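Since the structure comes first, as structure tokens, the remarks are kept for the end.
Laboratory data are not the source of any read-out in this text; all were calculated from the coordinates shown. Treat the numbers as computed from the prediction; the structure is a model and nothing was measured. Virtual Cβ from ideal backbone geometry, glycine too; neighbours counted across all protein chains shown.
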Amino acid sequence: MSISSACSCLPAAQIKANGIMKQKEVKPKEAAERLTRQDWYFVHTADLHLAGLADVTGCWQRVIKLCDQHQAQLLLIAGDLFENNQLVDQDMVRLLQLQAAGLPALQIFVAPGNHDPLTADSPYRRYTWPRQWQILGPAWAGFRLAEPAAEIWGAAFTAGSQEQPLLQPLPVSRQGQRLFRIGVLHADIPAAAGSPYNPLTAAEIAASGLDYLALGHHHNSDGRPRLAGSTTYAYAGSPEGHGFFESGAHGCLLGRVTGGRLVSLTRTDCGGLRYEALTVACTERDGRDMETLSRHILQQVRQAFPDLDLARLRLRVVLTGTQPLDRLSDSAVLAQYLAARGLARPQLIDRRHRPFQIEALAQDQSLAAYFACLALQRAAKLQQDGQAEEALRYQDMLELVWPLLRGGTLPPEEDDLV
């Protein structure tokens, strides 16, 4: 375990002793005053899985813009910056570096993960990285910064798996020179038995001596900070979803450090793509033509996501209820209507059925049709007797169980589709 300086950040007044870069001795009072004055921000992200130039001009550019908006001094990337080492070429790396170079005060620390491990053919070794970037190596090591007053520790995956924990306890900080200590790791916590992805425990984090541990690997994390001993740790999650299996809000974590203490850590939207699923109940009237049906769907979408730009939304729409007898569903045409109104590339699943008619069901000799006839007859009798609410309950029951009776499955809840 070693600590070195990020040379572009350290003042000239430094000495080298025993192979370790140390800052010039600072009196306790002076150090305390300096820490109290400091108020700075860092951005924590992970699992970008960049796979081409489009990702660099999209997802990566949005992360850099977030750093600029908040004048962040550190960008912590906790693994899987790239989807695969073999997909990364020189043009992609140059554009990545060029966009970051527009913020010369930003220092970037990368802990390679299981998708972009620090191998011999890794882009981290194939290409030259400017001093703005620090690529963490295979051994647990740290960088001491002067501005901001911090130490950054971490280590890299060197293969697609890492069965032994990379985290190690830090040396005791010298009195009067307490710096904010950050760890950056791609890791699995809580780790499943035999996890091959740098398994960690809360006890190991508590013993680390870190002030904050920036983690990557769990894409769907809620970003909520947790505490192990005196160490705060959190998963950033991916800055934007990569598919319907990563639905809901995503973003980066924005940390604020004041006086050498973490005072806030908030999930911040980067403005990227967002995947969602929505079930839309339809009546025969709603589906009488494509124009009406598309307007009905968009009304439900805007009610469900009132503050979300439709251009960012990748939506899976599940249609339930009834459709007109004389209208055949055409998902491709409906998708075109929705796209013309701002909902790009919706995924449509039409689970509507034709209206129930006793005359038609009577010709069906199946047990399902027999049950449906009984339910409709009972509903009609209740309606005649003035029990409209009870009649509607029978009809609703039939709507719900009809797909199952016909050998299908119940209409899925939204949570089942993500």
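Out of the range 190-294, which trypsin sites (Lys or Arg not before Pro) are coil in DSSP terms and have no more than 12 other C-beta atoms within 10 Å? Working shown, then result.
On the way: sites: Arg226, Arg256, Arg261, Arg267, Arg274, Arg285, Arg288; in loops: Arg285, Arg288.
Taking the range 190-294 and a limit of 12 other Cβ atoms within 10 Å, the loop trypsin sites (Lys or Arg not before Pro) found are Arg285.
Please list, short to long, the whole-number percent of alpha-carbon pairs of the range 200-245 in consecutive 10 angstrom bins beginning at zero.
28, 46, 19, 6
From the P(r) of the range 113-182, could you give the percentage of C-alpha pairs in the tail past 15 Å?
For the range 113-182, the fraction of Cα-Cα distances above 15 Å is 61 percent.
Please identify every one of the GluC sites (Glu not before Pro) in the range 163-253 that sits in a loop by DSSP and has no more than 14 other beta carbons within 10 Å of its own beta carbon. Could the numbers behind the result be given before it?
Values: sites: Glu163, Glu204, Glu240, Glu246; in loops: Glu163, Glu240.
Hits after loop and neighbour filter: Glu163.
Return the distance in nm (one decimal) between the two label points of a simple spin-label model at Leu367 and Asp68, each offset 7 Å from Cα along Cα→Cβ.
6.6 nm
When the chain is fully extended, how far beyond the present Cα-Cα distance does Gln164 get from Leu53, taking 0.36 nm per residue of separation?
Length gained, Gln164 through Leu53: 36.6 nm.
Distance from the Cα centre of the range 299-325 to that of the range 186-218, in angstrom?
What the calculation gives is 38 Å, centre to centre.
Please state the equivalent ellipsoid semi-axes for the range 41-98: what are the square roots of 5 times the Cα gyration tensor eigenvalues, largest first, in whole Å?
20, 12, 9
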